[in-house]
Amino acid sequence: MINKIWVAMLVIGIAFGAANGRMEEVNEAIFAGAKDAVTICFGLISILVFWLGLMRIAQEGGLLNALAKLMRPIASRIFPEVPANHPAMGYILSNMTANLFGLGNAATPMGIKAMQQLKELNGGRDSASRSMITLLAINTASITLIPTTVISIRMSYGSVSPTEIVGTTLVATTCSTIGALLIDRYFYFRRVRKGRV
């Protein structure tokens, strides 16, 4: 569906440019956008490699395991249907930890693995379980201590103080996570009252 939306936007944009006699500007925008995309990608690679390396060191040093143990009681309350020793809980904790450090690219594979395990717990059904919905909400709104990607983009564009957004990001993502959990619980208990769960 997303691919169809992007194709439609592209076709509409080119058709609009052609109809208004502005194809030269459209071509310039396409090439300028491609150049900016490559520049941003190279900037992101260096920062992400650095942080992924730090995450690997933290993992080998046991810091991530300690953080996962610290987060386990919270995760057990958020995901009461998932047994504490089930592989899904390990993937959920890894996903949450990676998001905590702003490493969405590292969190995504863990989130996919967690969803696969949660689907097994759901009996292989195609409909999403309560835990699957909750994980999606938390993954989307997750609390972020270090917004790695945003910092790298700010550095790529020559920001004087690329890390000044850390405090603001922490407050914003904390609010978004609390909001996501409240909305998730509201709709869950609403469905329980209607007898659909």
Could you please give the count of residues in the range 136-162 that are out of contact with any helix residue (DSSP H, G or I) (no Cβ under 6 Å at 6 or more places or on another chain) and not aromatic (F, W, Y)? 14
Return the pairs, sorted by first residue and then second, in which the second residue is at pLDDT below 85 and among the aromatic types (F, W, Y), the first residue lies in the range 79-106 and is under 21 Å from E60 (Cβ atoms), the beta carbons are less than 9 Å apart, and the residues are 6+ apart or on different chains. F101/W51; G102/W51; L103/W51; A106/W51
Go over the candidates L54, L70 one by one and state the one that is of a type outside the set (G, A, S) and open to solvent by less than 80 Å² (accessible area, probe 1.4 Å). L54
Any residue that is under 22 Å from the mean Cα position of the chain (by Cα), of a type outside the set (V, I, T) and open to solvent by less than 60 Å² (accessible area, probe 1.4 Å) - is there at least one of those in the range 22-43? yes
Taking the range 1-10 and the residues there that are in a helix (DSSP H, G or I) and open to solvent by 100 Å² or more (accessible area, probe 1.4 Å), the one that is modelled with the lowest pLDDT would be I2
Kindly evaluate A84 against the criterion of being assigned by the TED database to the domain that holds S142 and in a helix (DSSP H, G or I). no
When G13 is evaluated against the numbered criteria (1) over 29 Å from S94 (Cβ atoms); (2) touching a Ser or Thr at 6+ places or on another chain (Cβ under 7 Å); (3) open to solvent by less than 50 Å² (accessible area, probe 1.4 Å), which criterion, by number, is the only one it fails? (2)
Select, from I138, I143, I151, the only residue that is under 23 Å from M96 (Cβ atoms), touching a Pro at 6+ places or on another chain (Cβ under 6 Å) and buried (at least 17 other Cβ atoms within 10 Å of the Cβ). I151
So which of M71, M55 is modelled with pLDDT of 80 or more, closer than 21 Å to N139 by Cβ and not in a loop (DSSP other than H, G, I, E, B)? M71
Got at least one residue in the range 110-118 being exposed (fewer than 14 other Cβ atoms within 10 Å of the Cβ) and of a type in the set (S, T, N, Q)? yes
Please go through the range 164-197 and give me each residue that is surrounded by 12 or more Cβ atoms within 10 Å (Cβ to Cβ) and among the small types (G, A, S), ordered by number. A172, S176, G179, A180
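The values are calculated or read from the model by the stated rules, or taken from the named source; none is laboratory data. This structure is a prediction, so every number in the text was calculated from the model and none was measured. Please note: Cβ atoms are built from the backbone with ideal geometry, for glycine as well, and neighbour counts cover all protein chains shown. Note: areas computed on protein heavy atoms with side chains; ligands, DNA, RNA excluded. Shrake-Rupley method; radii C 1.70, N 1.55, O 1.52, S 1.80 Å.
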